[in-house]
Each structure stands twice: as structure tokens, then as C-alpha cells.
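S.K.: The structure that follows is given in the form of C-alpha cells.
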Amino acid sequence: MKRLSLLVFILVTSSAFAGNAQDASEFGEFNYNFKALPLEGKLATGTKAWSGDYWAFKLGNINLRWNSSYPIGYNLPSPGRASVMNMSESQLARLAPSEKWSIFQGDYAYSFVHEVASYTGKRKPLWAGICHGWAPASLYHEEPTPKVLINKDGVKVPFGSGDIKALLSYFYADQQEQATQMGSKCSIGRWLGMGGCGGDVNPAALHVLMANKLGLDHEGFLMDRDAGKEIWNQPVSGFSSRLVSGVRKTSRGYSVDVATSLYYTDESRPTWEVVFGTENQKTTTMELLYTLNLDNNMNIVDGNWNSGTDFPDFVWTTPKLTEFRDNWVGLELLLND
């Protein structure tokens, strides 16, 4: 399953340094006029950008029996066909997402469980998981509700919302190969205090992206919100900007200082029921401070971060996946899209 790590490699190594507002053009045909752009925006109404687990490899990834009284993610004594046929739905509900998917497929050898296990390890860093799968799955699909699927043997396999999120997150981590990215991973400089990463994402390009995607189109994007060596991918769900200063005339055109609250969905532990409308749906705010430079027509040209402000390491998008083939046939039955 080399694809599971391929996207991580792309996101860490293949992006170019973002230098001005035009870097946002990689994400679409955007409006760059500061006066024409909204100062706030959010996702369209619905249940996208749901909180969920990033399924740490250290804890067993989606082999974790999260719904059990004693959650384990290693050396699972998965039940054979005869045992499965005699298990109640409540007993099946306590199995790992990977085990349930194997049972639904009629694979009592649990090849999928073994595949997942090959990527786990108790010496893995706790931050390492499939957030690069969870983030786009969360952003592009409505929050799944619990469902029951029947396999070829007539077994009713129950899937909680957390199970479905786990499978969908793994599916995205497994299948995605293309990503549009702005900014680069700071793997050495910034997290050692050496300043070797520059500004990564240019604030002008980020402002254009926020104002167009969230403000005009009501669509989100993805970001690595961690400035250090760890990668924490999050779905961005909204923003709200205010002008810290008035628009100033400069030799090049104009400039203005901006404070922006960037809202993103944070992780939460898996649950059987949905998290929207509960305390398990978690939204976190990143506060951004930057200066935008405008030309004489008030078009955003470039900008710079104000000293000490936090900002994303990189931002990215990837296509929504709509085809479920091979070992993923049937996953669409678990979705609410």
C-alpha cells in the first residue's frame, strides 16, 4: 500500500516556496481586488469538516478496537467465519473498523487488517497517522451516520460514525496521489529557531485564497497548522478579517494591516454517533497578523507576516474521490453524500 505514504512525501518535499499573491492562482481563477473581496466567509451549510481521529500508527491505526471496553490495536484475535456467524451485532460493533470491513467483504483471513498492521508500530511517533486522509475526507463528505451492511453470508455488520470516518480517512490516504500545495514544510529551520524557512505561505496569497474559496465560493481547503517538524493536517472551515490600520498610500500603491481569525476543525476521539452539535465537534482558531501590499488599482500584490504571528506551514487541496473500486467497493454505501 505504498500510496498511503506517497501523499505524505509529496506534501513534505515537493512544494515550491510561495512568494506573492499570484501563488494562489494554482488553486483556481481568483479575484485579487482587495475592495471586492469579502472579509469573512465559511463553508456552505451542512455537516462537512467534521471532527474525527487521525488514527495514530503508534496505537494501531484503524486496527484499533476503539469501541471496546479495552481498546487494543495490536495482535487482534480476529474471529473466524464460524465465530462471526454466531456473534451478535453488539459484539461485532466492538471490533476494529478494519475488521468490520474485512467481514463485510467476506474476507475471514483479514488481509486488510494485516495490511494496516504493516504500517503500525509502538515506536512510531504519536503524531504520525493518517491526518492527510482524515482532513480531505472530512472536508469533502457529509458526516456519516451509523449504518448496518449485510455481507454475502447474511451477517449484519454494524458501523458507527467513527468506523466509517476511519475507513474513509484510510481510503483517502491510500488513494490520493495528487495535491495542489502552497508553501513548504519547515523540516529544519523554523522549528530549530534558525529562521531557515522564510515565510512559507505568503500572507497575500493566503488572504486571496481565504477570501475567494471561503468568502465567495463557501468552499474550504486544507493546511498543516504546525510550524515544527510534525505534520498536523486540518480542514479549514472559515475566516474573519478586520483592518488593523487604514489603507496607506505607498510608492508602489497602497498597504494595509490585517488581523484574521482562521477557523479549522480539530481532531476528536471516535464516537458511535455523529459529533456535529455536540462537544466532540471541535473548532480551533489560528490568529494571523499580516500586511498586504496593493497596487494602484487596489489589487493584492504581496505581503509580509507581522513579527511573532503564527501561520500555516503549508496549505493544500486535493480532488474529491468519487469512485470506489477494488477492495473499496461498497464504501459508498456508508456515506451520507
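FYI, it's all coordinate maths here, none of it is from the lab. In this text the structure is predicted, and so the values were computed from the model without any measurement. When we count neighbours, we look across all protein chains shown, and the Cβ atoms used for this are built from the backbone with ideal geometry, even at glycine.
S.K.: On a straight-distance basis, which lysines could pair with Lys156 in a cross-link, Cα separation under 18 angstrom, same-chain partners fewer than 8 positions away excluded?
M.R.: Leaving aside lysines fewer than 8 places away in the same chain, those within reach of Lys156 are Lys100, Lys147.
S.K.: Students often get this wrong, so check it: of Lys42/Lys229; Lys35/Lys249; Lys124/Lys165, which have C-alpha atoms separated by over 26 Å?
M.R.: Listed pairs above 26 Å: Lys42/Lys229.
S.K.: Compute the FRET efficiency between Lys229 and Ala259 as 1/(1 + (r/R0)^6), taking r as their Cβ-Cβ distance and R0 = 30 Å, and round to the nearest 0.05. Intermediate results must be reported in sequence, preceding the final value.
M.R.: Numbers: r = 28 Å, r/R0 = 0.93.
Rounded to the nearest 0.05, the efficiency is 0.60.
S.K.: With each label point set 7 Å from Cα along the Cα-Cβ vector, what nm distance links Arg123 and Lys42?
M.R.: Computed distance between label sites Arg123 and Lys42 equals 4.6 nm.
S.K.: Could you check the simple spin-label distance between Glu273 and Glu177, using points 7 Å along Cα→Cβ, in nm with one decimal?
M.R.: So the two model labels end up 4.2 nm from each other.
S.K.: Taking the mean number of other Cβ atoms within 10 Å as a proxy for protection, how do you rank 263-269, 292-298 from highest to lowest?
M.R.: Ranking the peptides 263-269, 292-298 by packing returns 263-269, 292-298.
S.K.: What 222 nm value per residue comes from the helices of the chain, counting each DSSP H run with n ≥ 4 as -39,500 (n - 2.57) and dividing by all residues, nearest 500 deg cm²/dmol? List each step's numbers first, then the result.
M.R.: Working: 8 runs with 67 residues, N = 337.
Mean residue ellipticity at 222 nm (helix-derived): -5500 deg cm²/dmol.
S.K.: Using a cut-off of under 17 Å, list every residue of region 219-250 whose amide N is near the label point 7 Å from the Cα of Thr283 along the Cα-to-beta-carbon line.
M.R.: 219-223, 234-242
S.K.: If Lys and Arg each add +1 and Asp and Glu each add -1, what is the summed charge of the other residues whose beta carbon sits under 13 Å from the beta carbon of Ala205? If you can, show how the numbers build up before the last one.
M.R.: Values: positive: Lys213; negative: Asp23, Glu26, Asp200, Asp302.
Result for the local shell: -3.
S.K.: Within region 46-145, which chymotrypsin sites (Phe, Trp or Tyr not before Pro) sit in a loop by DSSP and count at most 12 neighbouring Cβ atoms inside 10 Å?
M.R.: Numbers: sites: Trp50, Tyr54, Trp55, Phe57, Trp66, Tyr74, Trp101, Phe104, Tyr108, Tyr110, Phe112, Tyr119, Trp127, Trp134, Tyr140; in loops: Trp50, Tyr54, Trp55, Trp66, Tyr74, Tyr108, Tyr110, Tyr119, Trp127.
Filter output for region 46-145: Tyr74.
S.K.: Moving to a separate point now. Within 12 Å, Cβ to Cβ, of Asn151, how many net charges do the neighbouring residues add up to if Lys/Arg are +1 and Asp/Glu are -1?
M.R.: Details: positive: Arg81, Lys100, Lys152, Lys156; negative: Asp107, Asp153.
Every neighbour counted, the sum reads +2.
S.K.: Give the separation of the Cα centroids, region 143-188 to region 54-78, in Å.
M.R.: 15
S.K.: Taking trypsin sites (Lys or Arg not before Pro) that fall in a DSSP loop and have at most 10 other Cβ atoms within 10 Å as cut points, what is the longest piece of the chain between them? Present the calculation step by step, with values, prior to reporting the outcome.
M.R.: Working: sites that count: Lys2, Lys122, Arg123, Lys152, Arg325.
The segment 153-324 is the longest one with no such site.
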